[in-house]
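Peer 1: What follows is a single structure, and I will ask about it in a moment.
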Amino acid sequence: MKTRILFVCLGNICRSPAAEGIMRRIVEGRGLSGTFGIDSAGTYGGHRGELPDPRMRRAAARRGYELTHRARPLREADFERFDRIVVMDDCNYEAAHRLAPSRELAGKIYRMTEFCRRSPQWDHVPDPYYEGREGFELVLDLLEDACEGLLDDLRNPDRS
Ligand code: 4NP
């Protein structure tokens, strides 16, 4: 059975589609594509249907990730379909909790930075939307770290 992971941010055009692209490449690199379902969504639906922000696509492309996701809003049904709903910051965490159909299903919500190993000082992945190029690079650094940690956690749950 596949493990289904949904990355969630606000607009679904910067952080979460980048997390999706990074996670896809990590699982592909380990020959695990068939065992994972990976998607992303936003708690704000205003960018529905859009490709990721061009600044994020450029920054990701420099590291070899092609981001082709089309933005979509987080839905109640996602809490049934996915095993883990991984949010970027407190605002996403609270919005996801408000949408969760039950307390039990809200237990699927995790913070992305819980899985950071190299950057344990961060308790959120900062919104890069109003930042310059360094903001996007920082997001990618944190997401690469957290995606590795998330995969390790899923494969070896007893070690975390
Ligand atoms: P994201 O970034 O949540 O990482 O996709 C943002 C995208 C759009 C907006 C804010 C943050 N916005 O205000 O439209």
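The values are calculated or read from the model by the stated rules, or taken from the named source; none is laboratory data. The structure presented is a predicted model; accordingly, all values stated were derived computationally and were not measured. Cβ coordinates were reconstructed from backbone atoms using ideal geometry, including for glycine residues, and neighbour counts include every protein chain displayed. When the accessible area is computed, the model is the full protein with side chains, heavy atoms only, and any ligands, DNA or RNA have been set aside. Shrake-Rupley method; radii C 1.70, N 1.55, O 1.52, S 1.80 Å.
Peer 1: Can you name the residue in the stretch 11-58 that is of a type in the set (Lys, Arg) and within 11 Å of the ligand (Cβ to nearest atom) and, of all such residues, is farthest from the chain's Cα centre (by Cα)?
Peer 2: Across the stretch 11-58, the extreme among qualifying residues is Arg55.
Peer 1: Also: Take the residues in the stretch 56-89 that are touching a Cys at 6+ places or on another chain (Cβ under 8 Å) and among the aliphatic types (A, V, I, L, M), then tell me which one is nearest to Ile5 (Cα to Cα).
Peer 2: Val87
Peer 1: Cβ-Cβ distance below 8 Å, separation of 6 or more or different chains: which pairs start in the stretch 113-132 with a residue that is free of Cβ contacts under 8 Å to residues at least 24 places away in the same chain and end on one that is part of a loop (DSSP other than H, G, I, E, B)?
Peer 2: Filtered contacts from the stretch 113-132: Trp122/Cys116.
Peer 1: If Thr35 passes every condition in (1) surrounded by 14 or more Cβ atoms within 10 Å (Cβ to Cβ); (2) over 15 Å from Val8 (Cα atoms); (3) touching a strand residue (DSSP E or B) at 6+ places or on another chain (Cβ under 9 Å) but one, which one does it miss?
Peer 2: (1)
Peer 1: So, one more: Against the conditions (1) in contact with a helix residue (DSSP H, G or I) (Cβ under 6 Å, 6 or more places away or on another chain); (2) over 26 Å from Ala100 (Cα atoms), where does Pro54 fall short? Just the number, please.
Peer 2: (1)
Peer 1: In the stretch 8-29, which residues are charged (D, E, K, R) and open to solvent by less than 10 Å² (accessible area, probe 1.4 Å)?
Peer 2: The one that is charged (D, E, K, R) and open to solvent by less than 10 Å² (accessible area, probe 1.4 Å): Arg15.
Peer 1: Another question about this same structure. Looking at (1) more than 16 Å from the ligand (Cβ to nearest atom); (2) out of contact with any Gly (no Cβ under 7 Å at 6 or more places or on another chain), which one does Phe115 not meet, given that it meets all the others?
Peer 2: Every condition holds for Phe115 apart from (2).
Peer 1: Now, a different point. Regarding the stretch 61-69, can at least one residue be identified that is among the basic types (Lys, Arg) and away from the ligand (no atom under 15 Å from the Cβ)?
Peer 2: yes
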